[in-house]
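See below for the structure under consideration.
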Amino acid sequence: MAEKAILYDATRCTACRGCQAACKQWNENDEFIPTVENGVQSVNRGSYENPPDLSPTTWLKMEFREVTPDGKVRWLFNRRSCMHCTDAGCVKVCPSGALYHHELGFVAYDKDICTGCGYCEDACPFDVPRYERNFVSGIAKMDKCTFCTTPGLDRIAGGWEPACVKTCPPDALQYGDRDQLVAEGKKRVEALIAKGWTNANLYGEKELGGLHVMYVLDDHPAVYGLPVDPQISAATIAWQDVIQPIGWVVGGLTILGLGFNYLVARANINREKEKKDAARS
Amino acid sequence: MQQEVEKYSKPTRILHWVHLVSFCILFLTGLVLFVPGLGVIAQDSWTRVIHRVAAVIFILAPIIYVPMNWKATLKGVKEAFSWSAADIGWLKAAPRYYFLGDETGMPPQGSMNTGQRLWWLIVLVSGVIFTITGLVMWFAKTTAPAAVLQWMVFFHDVAFIVAGTMLLLHIYLGLLHPLMTEAWKAIYKGTVSVEYAKKHHAKWYEEVTRGKEVKS
Amino acid sequence: MTNHWNDIANADVIMAIGSNPAENHPAAFGHITDAKERGAQLISVDPRFTRTSAKADIYSPLRSGTDIAFIDGMIKYVLDDIDHNPGNYNMSYIKEYTNAAYLINPGYKGPADLDGLFSGYAGGLNETDGNKRKYDKSSWQFQLDEKGIPKRDMTLQDPNCVFQIMKRHFARYTPEKVNEITGAPVDTFLQICQTYATSGQVGKAGTILYAMGTTQHTYGAQNIRSYCILQLLLGNIGIAGGGINAMRGESNVQGSTDHCLLFHILPGYLKVPDDTDDTLDKYLERVTPKSNDPKSANWWQHTPKYMVSLLKAWYGNAATRDNQFGFHYLPKIETGKNYSHISLFEAMYSGVIKGMMCWGQNPAVGGPNANLERLALGELDWLVVTDIWHTETANFWQRPGVNKADIKTEVFLLPALNSFEKEGSVTNSGRWSQWRYAAAAGPGVAMGDLWMLDWLARKLMEMYANEGGPNAEAITQLNWNYGHEHPDVHAVAKEINGYDLTTGKLLPSFTKLMDDGTTSSGNWLYCASYTEDGNMAARRDPTPGPFNIGLYPNWSWCWPVNRRIIYNRASVDLNGEPWDKNHPVIWWQGDKWVGDVPDGGWPPMAVDPENTKYPFIMKPEGHARFFGPGMAEGPLPEHYEPWESPIKNPMSPQQSNPAFKIWRPDEQGTPDKYPIVCSTYRLCEHWQGGQMTRNMPWLIEMQPEPFVEMSEELAAKIGIVNGEKVIVESTRGQVYLTAVITKRFKPFQMNGTTVHQVGIPWHWGFTGLSTGDSANKLTPHVGDANTMIPEYKAFLVNIRKV
Amino acid sequence: MELSRRDFLKTSGAAMGGIFMLGALNPDIAHAVTHKFLPLKKKIGEKTTICPYDASGCGFIVATENGRVVNIEGDPDHPINRGGGCAKGASMRQLSANNPWRLSKVLYRPPGGLNWEEKDWDWALTEIARRIKDTRDANFTELDSKGNLVNRTEAIANLGGSALDNEECYLLSKLTRALGVVYLEHHARI
């Protein structure tokens, strides 16, 4: 089946944050209700950007940046959520298979079988997974964007686009076949370059084997706060690709070796015994 | 009645068993994250709760033991780091010995033979690694940088592989190996037969019996 | 809006001034994006760099309250350019469709001659006597020929013709002067002039999107006039992708205006009777405009039909020719007296108003000078509030800092249903009336406003029938029959549309309305919305319709008579051929119009000069007005400073608008104590007085608190860092806010003078899940000279560190 | 007994080793956990509505279960928003009766009262009608100082309407005019 993806065009986005709300609306991330008694849990921190970070109930948030290239102010908006990498660090480290590649390419998530280990939190090059965690007991559950494939809330299987894409008024978000979106993204980048945005680029086409959320940007990714050339960390590779396989091999060989040893040693001892018995008799 | 010598004191044996049980629990609750496909067993974090309870026991047990058995601790630690040319001889002779029961070339061993001392060293070192990396992962999960936490997992994992493998060996030798007939008894009852002691720990037997009457 | 949301996609240039559509009309912004995608340029003019500016091709700052100077400067640029490059402009549009060729009374003198005033002013410069702050407008009138038809000079050369008067008037607004007044950099300003003027070419379209940033000034109506003049010069009215488009802020503010919940108009914008109207005939004589020009449709000549049909709708069989169709059941206002928001609260404060009903409005947060308005509420004997939440207005008696027991007002708070818990129609900014349905149950005992109104009305009818009272018949004779228990909303909608009373059938269009009492219509503008063919507002045909310009003629229904672009007969040349053949609105093909519902079906002007009519049918003379002789403060827009201004008016010695009413002269802040310009505005995540968003956790999370936005330069001057708390104060009050320090606000550099401006969103108050200080504690009780809209957008404050 | 114990160990040893080896060779096989598919627990679509916030007039679709709103999202057929919704529109579900802060009772605060009191509709509307009549009748001007017939009362004001439906606005306009109210205003200026 053709891989699906989301194309985010930062040059079209007006940061109305419909996506931020629609994500919560659809995915029922409304358990937390601030009350007058416990105080509204959010404060203005000198910015339009809020809440301050992604959280187990905020899978998508808009970022606001003020930059002044050549003295003229620009207000840049950026979508922050799971990038649904092909080479996904989170999937690589997830011990339970709760994080897995959906047959349409993106990183789906089965919260029921999450063990709460927190490996994905540290392995994600984009710092996306967030946890609800009990500090003492370690009881935890991860949450992140599931590309609207949460069981029971699976829009993709139902044939609908993700909630964020659906709600985007200026069509800054598009959903479709990844190949087509790559082509569309490149077309838009060319148009931007023709307009004089010489640093325009399509982010996510190649990064980490290809992201399933791609960005049309009119400036360097770094200006938008995106990691330039994101990589799976050395620790992840050393751990998952070197040490774990070694562990499997060593563990396996040891068990096989011990079994072999048992058989040989037993046979020998029996033979010795027989010899002794024979000698005795 | 066969003559017996005391191999392990009672506190040492208690420590061993407490540690063994907690480590086995730690091992198994860790193993579910290590083996793909077993991870589902760990869903909803219940293995982590057990892992943490066991970890507390695993760390507390030596902390209680050490001040109460200061001399034995010192001696033990010293032993873990006492290595000599004889150990090479043991390593050379070990395969023939463990597979064929052929004692040719096996140098006389102290309280712990080379293999046991290797295990003991690994227990000490990996124990420290487990404790440090585990505590960081437990208490600094939300504060430490991701890279630090990832390396903590890495070293926890390395220690897990090394210690886990050796644990299998240890259990195998203690329980199942046809020659290790009294190792079980040593750590269970605390004593071994003189015959076994002479045969397996000649050097140690000499040391403990020098100037002493052997109990009958 | 003359046009509508989807039509914005047809524009070649879009100027958002006095508005911030990306913030306040975000879902409709998609059509701006579409236009941009097709190559349109977006211009954003705003005191601060907004979310709209972030998407704009050109952004220019402009000090709050200086739109007229900015636009007048653009008009000067276009007028100069017309001299040099007339081929770049649609001269026949200007000559044939506007009053550019009209001759004005030779006695007219403009601000260039009279130090910033127009001829006919009763007072002197900076007059303070309220009785003298007005104009005798006789010198502003059109010269009429012997038939009473305005005289025209089609060469546009007569020195008394509007075109020449305009050239003299606007010549003073040079780019340098514009910079001195507005703070807009000269080069950016010229770039905007150049870009926007390209829409003057035949076949090109430019649209102006404005909102409360334009209107909420003491000269708000003149701000709009300046936009209209620019649009008419560029031939942008009536065409696809053009128009002058007020983006309105509440879901049904268009509908509530159409149904005239306003003191000065009756449903369908019929003028209210005043104390001089002894009889219905005298009233109709006064309010019905006349034209002697056979080519002028003068649509308002039909006023008697609309008024009589309205009275028939309201009083049914009790409205007869003998009782002047119940004309005297209606209240008559005192001539010349204003009863709008500010006047209303002043009257309440002085004890004239004893009781008030408040339907889903929250003046304790949204009204200007909120401290005063909250005090005024305490002067009421009783207050009825219907809402879906607790509001500051309903809870004014327990606001912080008051002793509840001292406030003697009785308050009734009635729980209402929300938009998707009841059935009915709402009219959007593009005049589309759209039907919505009851989809969910309301909480507890909450009931719809329609039910409450029906219950109250029937109770009052019963009381007056039993007990009597002054003018009791006005109530007992009401034609009020919408069913028992639950009123039928369809019955109301049908009454609004109107009936042929002889056949009992619903009327198909307002052209069928009569002034003899044989027809009824609750609102003539909505006649055709609910016909024998069904409920037009409920239609859902998603096809874009003729010429593929996104008219969606069969989606919902649009007033008047489903005309999607009004004044659309200006979109064609004299032969009925569209100026822009790629985006035609209507087209004379053979012997009929094709496309949108034409603004009157008369043939094109050159095709049938005998039977044709001029395109601007709502003006008595049939031409669009460059020169507007009906305005309070002058027929052409002249720059004045806001009531509270940091500088002396650089244009003339007349400091502020000479014709608006000053309520509280002692509350005027001066720049020595209050040197900073302040403006209020809205956020995407909240809405109006906040009652509809400050109880919604997702929205509170995004914008949790009120704040004051300011430049880094001003913050450094005050000595605060981002996120720190500050006190903002005006002469009327003070507010405690978080400082948002931003690069998006820059001090205005105006010919050597530096002026700082700040802005505060006004959504917060003291009740609800998210509370905070109300920006309107700072705003003044002054309003526009024509409309009395309060001056929310430009006033003076001082800021200090907490 | 011994034999079976040995066999058990052999088998389990090989099996464990096998799992380890398998894991090392192809981690994806072990990851191929079957994920359950649940039918959608929310409906999309039922009745259309128009957004109650700004005057763009965007269309939305409300889905309910037993009268309780479970989902509200943009109406994809609607030409203005084409399925879209801004932060407010996308949050519309929190406007519903599910929101615990919605008013659900008729409340009354007597003169000088310190708290709200709960009342029923009949009582409240009857009292309101009484207040309206008394205030109107006591402050009604039939003839003004110049002797003109004006039939108005300046003692009652009416505010609001932009949050109401057209039909409600119309009836409000009709009723207030019949009462002689001239202090009539709504959100248009605010």
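The values are calculated or read from the model by the stated rules, or taken from the named source; none is laboratory data. The structure displayed is predicted, hence computed values, not measured ones. All Cβ positions, even for glycine, are placed from backbone atoms using ideal geometry, and neighbour counts span all protein chains on display.
At-a-glance table
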{"read-out": "Any hit, segment D:72-80, residues being facing another protein chain (nearest Cβ under 7 Å), over 30 Å from C:Ile353 (Cβ atoms), free of Cβ contacts under 8 Å to residues at least 12 places away in the same chain and buried (at least 18 other Cβ atoms within 10 Å of the Cβ)", "value": "yes"}
{"read-out": "Selected residue (only one of C:Leu525, C:Leu574, C:Leu551 is touching an Asp or Glu at 6+ places or on another chain (Cβ under 9 Å), surrounded by fewer than 19 Cβ atoms within 10 Å (Cβ to Cβ) and either within 25 Å of C:Tyr269 (Cβ to Cβ) or hydrophobic (A, V, I, L, M, F, W, C) (or both))", "value": "C:Leu574"}
{"read-out": "B:Thr142 vs. criteria at negative phi, of a type in the set (S, T, N, Q) and within 9 Å of another protein chain (Cβ to nearest Cβ)", "value": "yes"}
{"read-out": "Any hit, segment C:508-530, residues being at pLDDT 95 or above and within 28 Å of D:Phe140 (Cα to Cα)", "value": "yes"}
{"read-out": "Residues (at the interface with chain A (Cβ under 9 Å from one of its Cβ atoms) and crowded, with 24+ Cβ neighbours inside 10 Å) located in segment C:34-58", "value": "C:Thr50, C:Arg51, C:Thr52, C:Ser53, C:Lys55"}
{"read-out": "Any hit, segment C:560-570, residues being farther than 20 Å from C:Gly203 by Cα, within 14 Å of chain D (Cβ to nearest Cβ) and in contact with a strand residue (DSSP E or B) (Cβ under 9 Å, 6 or more places away or on another chain)", "value": "no"}
{"read-out": "Exclusive hit being more than 30 Å from C:Asp115 (Cβ to Cβ), in contact (Cβ under 8 Å) with a residue 24 or more places away in the chain, surrounded by fewer than 24 Cβ atoms within 10 Å (Cβ to Cβ) and of a type in the set (Val, Ile, Thr), set C:Thr731, C:Thr738", "value": "C:Thr738"}
{"read-out": "Criterion violated by D:Thr176 - all others in (1) part of a helix (DSSP H, G or I); (2) more than 7 Å from every other protein chain (Cβ to nearest Cβ); (3) polar (S, T, N, Q); (4) more than 30 Å from C:Gly498 (Cα to Cα) satisfied", "value": "(4)"}
{"read-out": "Pairs where the first residue, in segment B:31-43, is free of Cβ contacts under 8 Å to residues at least 40 places away in the same chain and closer than 20 Å to A:Asp241 by Cβ and the second is of a type in the set (Val, Ile, Thr) and buried (at least 24 other Cβ atoms within 10 Å of the Cβ), C-beta under 8 Å, 6+ apart", "value": "B:Leu33/A:Thr115; B:Leu33/B:Thr47; B:Gly39/A:Thr115"}
{"read-out": "Members of segment C:87-118 found to be free of Cβ contacts under 8 Å to residues at least 40 places away in the same chain and under 28 Å from C:Ser199 (Cβ atoms), listed by number", "value": "C:Gly87, C:Met91"}
{"read-out": "Options C:Ile720, C:Ile760: the member that is under 21 Å from C:Arg800 (Cα atoms) and either in contact with a Gly (Cβ under 7 Å, 6 or more places away or on another chain) or assigned to a loop (DSSP other than H, G, I, E, B) (or both)", "value": "C:Ile720"}
{"read-out": "Helices (runs of 4 or more DSSP H) contained in segment C:361-471 and holding at least 3 residues more than 7 Å from chain D (Cβ to nearest Cβ)", "value": "C:370-377, C:449-467"}
{"read-out": "Residues (without any contact (Cβ under 8 Å) to a residue 24 or more places away in the chain and among the β-branched types (Val, Ile, Thr)) located in segment B:77-94", "value": "B:Ile88"}
{"read-out": "Residue count, segment A:154-177 (criterion: away from chain D (no Cβ under 12 Å) and either buried (at least 24 other Cβ atoms within 10 Å of the Cβ) or at pLDDT below 95 (or both))", "value": "0"}
{"read-out": "Tally of residues being part of a loop (DSSP other than H, G, I, E, B), among the small types (Gly, Ala, Ser) and away from chain D (no Cβ under 14 Å) across segment A:125-153", "value": "2"}
{"read-out": "Any hit, segment C:62-85, residues being closer than 16 Å to C:Phe627 by Cα, more than 23 Å from the chain's Cα centre (by Cα) and either of a type outside the set (Lys, Arg) or modelled with pLDDT under 95 (or both)", "value": "yes"}
{"read-out": "B:Pro108 farther than 30 Å from A:Ala123 by Cα, more than 14 Å from chain A (Cβ to nearest Cβ) and crowded, with 16+ Cβ neighbours inside 10 Å", "value": "yes"}
{"read-out": "Long-range neighbours under 6 Å by Cβ, at least six apart or interchain, first residue more than 8 Å from every other protein chain (Cβ to nearest Cβ) within segment D:56-67, second surrounded by fewer than 24 Cβ atoms within 10 Å (Cβ to Cβ) and hydroxyl-bearing (Ser, Thr, Tyr)", "value": "D:Ile61/D:Thr48"}
{"read-out": "Residue under evaluation C:Thr155, criteria (1) modelled with pLDDT of 95 or more; (2) more than 27 Å from C:Lys204 (Cα to Cα); (3) surrounded by fewer than 21 Cβ atoms within 10 Å (Cβ to Cβ), criterion not met", "value": "(2)"}
{"read-out": "Residue in segment D:92-111 that is more than 7 Å from chain C (Cβ to nearest Cβ) and small (Gly, Ala, Ser) present", "value": "no"}
{"read-out": "Criterion violated by A:Phe77 - all others in (1) part of a strand (DSSP E or B); (2) under 16 Å from the mean Cα position of the chain (by Cα); (3) surrounded by 24 or more Cβ atoms within 10 Å (Cβ to Cβ) satisfied", "value": "(2)"}
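Yes or no, residue by residue, for (1) within 13 Å of chain D (Cβ to nearest Cβ); (2) outside any helix (DSSP H, G or I):
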| site | (1), (2) |
| --- | --- |
| C:Ile229 | no, no |
| C:Leu232 | no, no |
| C:Ala240 | no, yes |
| C:Arg248 | yes, yes |
| C:Cys260 | yes, yes |
| C:Asp277 | yes, yes |
| C:Pro289 | no, yes |
| C:Thr303 | no, no |
| C:Lys312 | yes, no |
